Structures are given as C-alpha cells and as structure tokens.
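Worksheet for the structure shown next.
Since every read-out is calculated from the coordinates, none of them should be taken as a lab result. Keep in mind that this is a model prediction, so the values were computed, not measured. Neighbour counts are summed over all protein chains in view; Cβ atoms, including those assigned to glycine, are modelled from backbone coordinates with ideal geometry.
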Amino acid sequence: MTQIAAGLGGEEGRPTWLGHPRGLFVLFFAEMWERFSYYGMRALLIFYLTKHWLFSDGQAGVIYGAYTALVYITPVIGGYLADRYLGQRKAVLYGAVLLTFGHLLMAVEGEGAGQQDPAINIFWLALSFIIVGSGFLKANISVIVGQLYRRTDPRRDPAYTIFYIGINLGAFLGALIAGWLGETYGWAYGFGAAGIGMLLGLIVFVIGKPWLEGRGEAPDAARLKAPVLGVPLEWLIYLGGILCVGVCWWMIQNQGVVGTLLGGFGALLVGYVIFTAVTKLPAHDRDRIFAALFLICGSILFWALFEQHGSSVNLFTDRHVDRTIFGLEVPASVFQSVNAFYIILLGPLFAGLWLFLAKRGWEPSSPAKFGLALVQVGLSFLVLVWGAAAAPDLVPVIFIFLLYLLATTGELCLSPVGLSAMNRLAPAHMASLIMGTWFFASATGNFAAGLIASATGGHEGTATKESVLAVYSNVGWLGVGVGVAVLAVSPLVKRLMHLDTLQDDVVAGAAEVGEPQAAGMHPEGSIGKAN
C-alpha cells in the first residue's frame, strides 16, 4: 500500500472533491458565512463603541477585549458538552441559531444618545448571544474537519489550510461589505448584513448534513433523549445555553470579572489536562499533550498582539493614516479585510510550501513554525513604528499594508498549523477538550489584547499617535524576543510529539474515521512517520 493510500485508511472509495471528502466543503462554506458575520461585526465594533455609545478609547479597548475573550473561552464548555452529550454536529447547529439571532439584534442601534440610551441593553444582549453561540460552534466545527481524516492522513494539514481559507474568505467579504455599509450608510446596515451572512451559514450547514457522512453525531443518542427532571437531556442543554446568555449579558458589562474568570478557570483547565495526561495516558500520548500545551501557551502572546488589528490598529488607521487610495478615502473598517485577503492569496502558497519542504525533509516542525509566527507578528508592529517615525503627519497607508502582511505570514505559520496539531496530538477522547483549550488560549490572548489596546490610550483614555507607537514598540520587541526563544527550544518540543509512533485511533478496517482504537491494536497501513 502506498503512503497516500495508507493515509486514506482504506477509504479510497469515499466521494471526494479535489481529493478531499465532500464534507470538508460543507464545513468550508458554513464557516465562511459564520466568519462573514463575525468579522463584519468585528470591523465595526470598536467604532460603534467609541462613536455611537461614546466610550473612551480605554473603555472601548477593555470591552472589546472582554467580548472577544468570552467568544474564545466559551468553546471550552461547548467542546465538553459536544464530547460528552450533544455531538459536534448538533452543537454547531445550535450555536448557529444563537449566532444568527445575536447578529440580527446588533442591527438595533437605538436613538444614538450614547450610554444613556436604553437600547444599549439590547446591544449587550446581542453580544451575549454571539458569545454563547460561538461557544457551541467554534471548537466543534473544527473538530468535525478532523473527524473526516485519520490522524496520520497526509491530507490533514492541507485540509485545515483549505478550511482556513474558507474562514478568511468570509472574513474578507464581511469586513469589506459590512464595514463599508456600516461606516457609509449607518450601523444598522453593516450589522444587518452580518446577520444575513450568519443566516446563510446556518442554511448551508443544514442542507449539507448528508455530506458529513455521520461525523460529529452524539456519542450516546439514547442518553441524549433520556429525561432529566422531566425534560430530555438535549433540551436541558439548550435551555442551559439560554441561561448562559444571561450570565454573559452581566459579564460583558463587568469586564474585570472576565479577567478573574480567565485566571481561575485557566489554572483549573490546564491542571485538569495535565492531571489527565499524567494519570490516564500512556507515556507518548502524555508527552504529546505536554507539547500541545507548549504550543497553546505560545499562542497567547501571538493573539495578544495580533488582535490589536480590530481595536487599537483600527482606531490608529482611522485617525493617523492617510487612507486615500486612487483618489478615494477608504473607510478605516474596510482595512480589516486586508489580513483575510492576504490569507486567501498566500494560504495556498504556504500549503504548497509545507508539502514541498516535507517531501525533502526540510519542513520546520510545528514548534518552529510557532517561533517564526511570533517573530513576524512582532516585526509587523516595529515596521509600523519605523514607518510612522518618518512621517511627521499622516502615516502612509503602505505601512498598514506591511503590518497586515507580516502579521498574516505569522498567522499562517501558527493558526492552521495549531488547529491541525491539536487534533493530531490529542487522543480521540480528548479531541474537543484540547481544541477547547486551544481556543481558551485565544481567549486569554484576546483579553490581554484588550489591556494592551487600553494602554495605548495613556492616562487620558484617548489614544494619541505617540502613545500608540510607544506601546507598539514595546510589544513588537517582546514578540521578536519570545519568538527567537521558541525557535531555540523547538527541537526539544518536537521530540515530545513522538511523530514516529503516532497512530490512528481506529481499528483495522473500521468504517468510521475517528472510531476509538481497541487497546493494543494497530491500524493497518498507518504511516510510520507523520509530517
């Protein structure tokens, strides 16, 4: 059997598109529209906070950071509920319903009387529906991608890169269309467009169910239907989700609680993962979990810097950058589409580059790619600082494009690689937990990003060009320094991954990808050394 056939696990007869299961493209388009809604709203959010609700830059940065942190922390709970009870498909479907409702509520802007307007409570409620909906959808839709492939399938990294392109196609269109509509015609138009995008994502996911080939279903359908307190367990979980919306409505208005939650819950989560790895896993699986935790920790700093794009960089672009292109002044929110455009342009090149290097034994390890990512995102801020220093008035727009370019090449070294690594390194029964932990690190990074954005406002709470550039210089050098350190230790972390003994979690000849492997059995045709 050839190596490719081995990676397919004897499932060469499954219908494919472009060499991949058709379900990948269902997930591609569903996630594309979900990202359209999320990034369309995100492009406008910092301006909505400062220009419509009249929050200071410092307040808006913290609110933005708390909101995005909660968007990334709730997948830990959503992943756990999917693993144990709902299954990934139903969790994604429920999350999509909540997200659609939340994004449509964002279109209710009230009378524009600042924070005294009662409509601000609808705004908080809209954010809360989006937070909880993301919790059920984000980690679980990524897990379904992994379930379409065996752990040693060489198509896994390219599949996640294709999926990541779908994410960024939605992000590009969302920021471009919703951002332009919101700043040109009014907030309700921009947020309304985002809501329509989410509705389209929900429709695609429902229609495409047959192409998922049974992946992501509930682990015990009978248990899910069994009554608890007179209510089927499945509906009890859905009701719990609605209660969580109320909790998030309070938390998003009390951002300090979010920081405390991240610290306490993060310690418990990492402690639980380590305890499980040490007490319940064989040595190589345990080491792989430690390697995954190293990558997860490294991602926190990356996202703390990267997520300045939607907050402080967005405000900096609006106030201190010459946005005139071909004689037209481009709305600042539209520049949020630049990162996604670069992903679409460069994503296939990076996917091909990794395969080209892998065939020759030159591909950097996942830890090394993380180090490169940190160096590049640090340099992106330093380039803006250096460019701004040479511009006494408005900063030439080319430096914003360069900032996004370096941040994007860094992202391509970290995010799709990290998604794939989490699925590859985690045993099947811990897949959603580890993916949820990955998103928890993103939550921590996003909250830290809010604190950094708030710091750019200085003591007065309103960012100046000088205060922003001073912060960017500090965090830029920090990113470069930590990235170099990660590169230095990457060979040691790679050893913990034990790629030479990585095996599929399936019984030989099993029909279902991701079916738990019987103790002591090795799948036929597994690849001896995974890339």
Label-to-label distance, nm, for residues given as Thr279 and Tyr80 (7 Å Cα→Cβ offset): 1.5
Work out the length of the dipole vector of the stretch 260-410 about its Cα centre, built from +1 on the beta-carbon of each Lys and Arg and -1 on the beta-carbon of each Asp and Glu, and round it to the nearest 20 debye. 560
Suppose only helical runs count, i.e. DSSP H with n ≥ 4. What mean residue ellipticity at 222 nm does that imply for the chain under -39500 (n - 2.57) per run, divided by all residues and rounded to the nearest 500 deg cm²/dmol? -24500 deg cm²/dmol
Kindly put Ile325, Ile289 in sequence by how many other C-beta atoms sit within 10 Å of each C-beta, fewest to most. Ile325, Ile289
Net charge, Gly170 excluded, C-beta distance under 9 Å - Lys, Arg +1, Asp, Glu -1: -1
Cα-centre dipole for the stretch 7-150 with unit charges at Cβ (Lys and Arg positive, Asp and Glu negative), debye to 20: 460
Sorted by packing (mean other beta-carbon atoms within 10 Å per residue), highest first, where do 240-252, 155-167, 128-140 land? 128-140, 155-167, 240-252
Counting Lys and Arg as +1 and Asp and Glu as -1, each charge on the Cβ, what is the dipole of the chain about the Cα centre in debye, to the nearest 20? 940
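Run through every distinct alpha carbon pair of the stretch 33-103 and return the Kirkwood hydrodynamic radius in angstroms, one decimal place. Please report the intermediate quantities before stating the final value.
On the way: mean 1/r = 0.0729 Å⁻¹.
When all Cα pairs of the stretch 33-103 are included, the Kirkwood radius is 13.7 Å.
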Can you bin the stretch 359-450 into rounded, prolate or oblate? Criterion: square roots of the alpha carbon gyration tensor eigenvalues sorted a ≥ b ≥ c, rounded for a/c under 1.5, prolate for a/b above b/c, oblate for the rest. oblate
Any idea how far apart Phe326 and Arg360 come out in nm if each label point goes 7 Å out from Cα toward Cβ? 3.7
Which translational diffusion coefficient, to the nearest whole µm²/s, is obtained for the chain from the Stokes-Einstein equation, given a Kirkwood hydrodynamic radius over C-alpha pairs, 10 °C and 1.306 mPa s? 68
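When you have a sec, figure out the Kirkwood radius of the stretch 170-248 from all distinct Cα pair distances and drop it here in Å to one decimal? Numbers along the way, then the final one.
Details: mean 1/r = 0.0627 Å⁻¹.
After inverting the pairwise mean of 1/r, the radius is 15.9 Å.
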Any chance you could give the angle, 0 to 90 degrees and rounded to 10, that helix 337-359 forms with the longest Cα principal axis of the chain? 30
How far apart, in nanometres, would the label points at Ala485 and Gln116 be if each is projected 7 angstrom from Cα along the Cα-to-Cβ direction? 4.9
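Highest first, please rank the peptides 397-403, 233-239, 293-299 by the mean number of other Cβ atoms sitting within 10 Å of their residues.
Numbers: 397-403: 18.3, 233-239: 16.6, 293-299: 20.7.
So the order, starting with the most tightly packed, is 293-299, 397-403, 233-239.
Which value results when the Cα radius of gyration for the stretch 120-216 is divided by 2.2 N^0.38 Å? List each step's numbers first, then the result.
Details: Rg = 16.3 Å, N = 97, 2.2 N^0.38 = 12.5 Å.
This ratio for the stretch 120-216 stands at 1.30.
Applying a 10 Å radius around every beta-carbon, put 410-422, 77-89 in order of their mean neighbour count, most first.
Those peptides, ordered most packed to least, come out 410-422, 77-89.
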Just to confirm the number: angle between the C-alpha axis of helix 156-185 and the first principal axis of the chain, 0 to 90 degrees, nearest 10? 20
Among Gly186, Ala82, Cys248, flag the residue with its Cα farthest along the positive direction of the charge dipole of the chain, charges on Cβ as +1 for Lys/Arg and -1 for Asp/Glu. Ala82
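What order do you get for Phe290, Phe447, Phe335 when you list them from fewest to most C-beta neighbours inside 10 Å? All intermediate terms of the calculation are to be shown ahead of the outcome.
Numbers: Phe290 16, Phe447 29, Phe335 25.
With the fewest neighbours first, Phe290, Phe447, Phe335 line up as Phe290, Phe335, Phe447.
For every other residue with a beta carbon closer than 14 angstrom to the beta carbon of Glu307, add +1 if it is Lys or Arg and -1 if Asp or Glu, then tell me the sum.
Details: positive: Arg42; negative: Glu411.
Combined, the nearby Lys, Arg, Asp and Glu give 0.
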Glu329, Glu363, Glu34, Glu307 arranged by Cβ crowding within 10 Å, fewest neighbours leading: Glu329, Glu363, Glu307, Glu34
